[in-house]
Amino acid sequence: MPKTPTAVSSSSRPSLRRNQACRSCRKRKLKCDASRPHCGTCVKQWQALISVPAPVGYAHPTEPQCSYDPVEGLTLAPETDPMERIKLLEDQITQLKGRLYERDDALSRSMSPGRQVSSSHPYLRPDSAGSSSGAGRLTPDLGVNLANNYSSPESRLRLSTRSPEVATTSPKENEPFMDLLFSGWNPDLPDPAVLDHYIDVFFRCDPCGSRVLHRPSFMASMLLPPRDSGFPHSAILHAICASASRWSPQDVVTLPDGTRRDQFAEYHAGKTRQYIDKTMATGEEIFSVMQACIILSWYFYQEGRWVEVWIFAGFQTRVAVPLRLNYPGTFSTNGNNSPGAYLAPPKDNRDLESRRRTWWMTIVFDRIASVGGWIHAVDERDLGTEFPLRNEDFESEQLMPSNSQDLSTPDVFTRHPPQYTDPFLLSIKATMLFGRVTDFNVRGSLRSASAPSKNQNPFFLAGFEELDKLVSSDFLESLPHTYKNNYGVSDAPTGSALDTDLYMVHIIPHAATITLHNPYLDFTDSQCVSTARCVNSARSILAAYYMLSATSLDITRLHPFVVICWYLAAVVQVQLCKYFIEIGDNERESTVWGEINVLRFAMLEYGNRSPIGTRQERLLQGLMREIVRMTAQKQPLDMGVPLYPFSHAGVFGKGARIELPEGQRTPPAPLPHSAPYGSITESPNVSTSQRSANPSMPPPASTTRPLSATGWGGSSKEMSRSPLASIHTPDSLRIS
């Protein structure tokens, strides 16, 4: 029976003649197939080498180290510089393109001599750079006028069927895009003019992710050729496009749940995630991709997409820890037993400060994402990195010694050295203070036999009194005089300005106070300190919004965490409104109801640009529906106030006639018109000088009117169902 033919084995190949194997294989006495330009053995060993990250200070070879002896009669390639060879080839390509365009242009003129090509950019309006959206408004008109819905740059060369076949276009139409491709431009990015527009918008308007980048050097690097190693990483550019699209929307669609979604932003967010996945598999450019991840995380936060927020919060911190960013100086050689696993030492002061800011923005995002009651990804005791420098010192690259403060400094929240203090640094401290409150609540619930209740005096808990003093008074009282009475809001005729970091410095401690005290609220006890703390903190947050709404400034430029602060204040006001309903105080009920509407409208206005506002407002509506059921108020208001009314008498006076603007179906919410909660003492951190400097702050509460003992009137079981207690759980941020 004949044998089945088989493939010829490698052993049957003719043997190589003397010195035909490559030098590397001969030196190591390995089998060589003499393949050109690199033999199979050298290629396999090179692939195994580059699959492992290179040690610090060492770079893997770019190709296999395989060379052969000169062959008689064969001319060797000249010893030329690879960069010179690349330049020579690019010059040849340019010459060939020029000849091709000249020939096609001559042919085009012979066929249609009157044809002209518009030189205007198809993406930008002529007045988009300097136009203003209105007199006195701070936010410029940042819109970008697209001729068609946005698609990826590669789709401009495809047919509408999305087939691989390239659409037929004239050379003149393809010339700019082809020039970009030959220059090494990433085809997934927008055109340079559009990208420059989004970068400018990002640095001027974004209050979060822009903090990790050094603007002067970043703008200078954008002038480099795309192939240059100093050109910004594509992941960062995609993340900037996604984030900046909030202020320069292109193709916005409305989803079935009523939220807005920008398809341009989603495209670039998806591209950023692809780079993140690739980097996690290869380890290449990990620090740049991590910065892009931070920018993208804040985009998801402003979108109110909590699943991505929680995933990215944990992902960022777990990536930053192996990079040793949590060590002083963002670098450590202690215990470095895995060569190549960590970043090399910082190259210069700018690199060092960029690492510090990247680390602290990662931790700030983790603290803000954990407000709903989650355990932090990195414990405060493991944060050894010193605080960053001031913004002005970072951007000017002024040589400054490292900040002497870190979280282990005993008086870090009450002592602020002038040379290391600005609104950005104070906002980091305020956020970390909020993180301490979250830690206290989460660990207390883990180790406590029973849940906190209004019958419990929290000041008997270990560490509560010190934390309460720090959050409710000491931090705000310790602010430097320049910032103590300054909320960062300026609407002077000479120019408007909004310092969102400084504004949040005055808001976050009040939100932290509400989070710390809300499990112990008891409106029936006139001596309840927790009730006084929560109500006064809610009124302080509301007063800060009044101050801002009285100006022409754009509140959508605020940090997105302000929406959560408004929500926490609204939850306290809802509980206070329920108490007034139970004791029959219709006048003060109407006042609190108006304040709830003010906070709700603030969320909706913020939601015009960032969906987190509309999502939290919808959650608040669900909370109020539950209270309507609990209070058994069967009759809603006859007038169309867009929330559930509680009062029998109504928010507006009986018989009052409201004339609505054309096209508006519902009247605006009533504003408060009477004194605040009369039995609550004034918060110790609001001084007389602060009130005189800020007339919009609420007047001191009267202490002459006692609380009624008939308050809530419900059982302890009903009280346990109070929605106020739910803001410590992740469900409090869930969309209803």
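The values are calculated or read from the model by the stated rules, or taken from the named source; none is laboratory data. Predicted model, so just to flag it, every value in this text is computed and none were measured. Reconstructed Cβ throughout: ideal geometry from the backbone, glycine too, with neighbour counts over all protein chains shown. What goes into the accessible areas is simple: the full protein's heavy atoms, side chains included, and nothing from ligands, DNA or RNA. Shrake-Rupley method; radii C 1.70, N 1.55, O 1.52, S 1.80 Å.
Accessible surface for Ile86 stands near 80 Å², nearest 10, in the context of the full protein assembly shown (1.4 Å probe). Once the Kirkwood radius over Cα pairs is known for the stretch 191-397, the Stokes-Einstein relation at 20 °C and 1.002 mPa s delivers a diffusion coefficient of 121 µm²/s.
What number do you get for the stretch 183-229 when its Cα radius of gyration is normalised by 2.2 N^0.38 Å, N = residues? Before the final figure, lay out the partial values.
Details: Rg = 11.5 Å, N = 47, 2.2 N^0.38 = 9.5 Å.
With N residues counted in the stretch 183-229, Rg over 2.2 N^0.38 Å equals 1.21.
Using a simple spin-label model with pseudo-atoms 7 Å out from Cα toward Cβ, Ala550 and Arg204 lie 2.9 nm apart.
Which value, in Å², gives the accessible area per residue of the stretch 191-397 when a 1.4 Å probe is used on the protein heavy atoms? Let's see the in-between values first.
Working: 7670 Å² over 207 residues.
Value for the stretch 191-397: 37 Å² per residue.
The distance between label points at Asn455 and Glu587 comes to 3.6 nm (points 7 Å beyond Cα on the Cα→Cβ vector).
Each listed q (0.19 Å⁻¹) maps to a log10 I(q)/I(0) for the stretch 485-619, found by the Debye formula over equal Cα scatterers with no solvent: -1.09. For Ser67, the solvent-accessible surface computed with a 1.4 Å probe is close to 50 Å², ligands and nucleic acids excluded. Within the stretch 374-524, all pairs of alpha-carbon atoms sorted by distance into 10 Å bins from zero give the percentages 9, 34, 32, 17, 6, 1.
Rolling a 1.4 Å probe over the protein heavy atoms of the stretch 480-606, with every protein chain left in place, gives an accessible area that is 47 percent carbon and sulfur. Surface composition of the stretch 194-306: carbon and sulfur make up 50 percent of the accessible area, probe 1.4 Å.
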